[in-house]
Amino acid sequence: MLGIKKQLSVKSIIGPGMRVDGPVSFQDGLQIDGTVLGDVKAAPNQPSLLVISETGSVRGAISADHVVIGGAVTGPVQAGELLELQAKARVDGDVQYKALEMQQGAIIAGELRPQLTPPRPAPGQRAEPEEPSLRPGPSLRDPVFLDPDPLDPVPRDTRLF
């Protein structure tokens, strides 16, 4: 309603001093204060929140709707909606996101890849753009006067209308 989404809360915690070897999957919200050596993935088709605190670290791929990183991540990060990088965040891997919030001091050693949602075509319209060669343009009979400035690398059309 009116663009307001239900706020997710953390329901599970991997505590400080705890180490998990292998992949981790979760529903709703997960906070990592310890170490995970494996992929961390949220359940598909439902909202999710993953928080990696300043003491937390992950070595593996991360995938969730809303990802908050305050610690260290080695591996690709995919945030379906929002990626928040806190001041002490360290990411060594590519990140993919729809929206990004990054505090001063956060470091990403990888590619930033925003998820761009292509616009949907209106009903009755083709999804593919028309070829530019089919668009109406100037006729071969129209006089064309080019700007004679030799220092300007872009020729300019100076037709008289």
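A few notes on this one:
- Selected residue [touching a Ser or Thr at 6+ places or on another chain (Cβ under 8 Å), of a type outside the set (A, V, I, L, M, F, W, C) and either more than 27 Å from residue 111 (Cβ to Cβ) or part of a loop (DSSP other than H, G, I, E, B) (or both)] from 44, 16: 16
Matching residues to (1) surrounded by 15 or more Cβ atoms within 10 Å (Cβ to Cβ); (2) in a strand (DSSP E or B); (3) over 19 Å from the mean Cα position of the chain (by Cα):
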position	(1), (2), (3)
36	yes, yes, yes
50	yes, yes, no
80	yes, yes, no
88	yes, no, yes
104	no, no, no
116	no, no, no
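- Scanning the stretch 19-34 for residues that are closer than 17 Å to residue 70 by Cα and loosely packed, with under 15 Cβ neighbours inside 10 Å yields no hits at all.
Read-outs throughout are calculated quantities, based only on the coordinates presented, and are distinct from any laboratory measurement. In this text, all values refer to a predicted model and were calculated from it rather than measured experimentally. Glycine also receives a Cβ, built like all others from the backbone with ideal geometry; neighbour counts cover every protein chain displayed.
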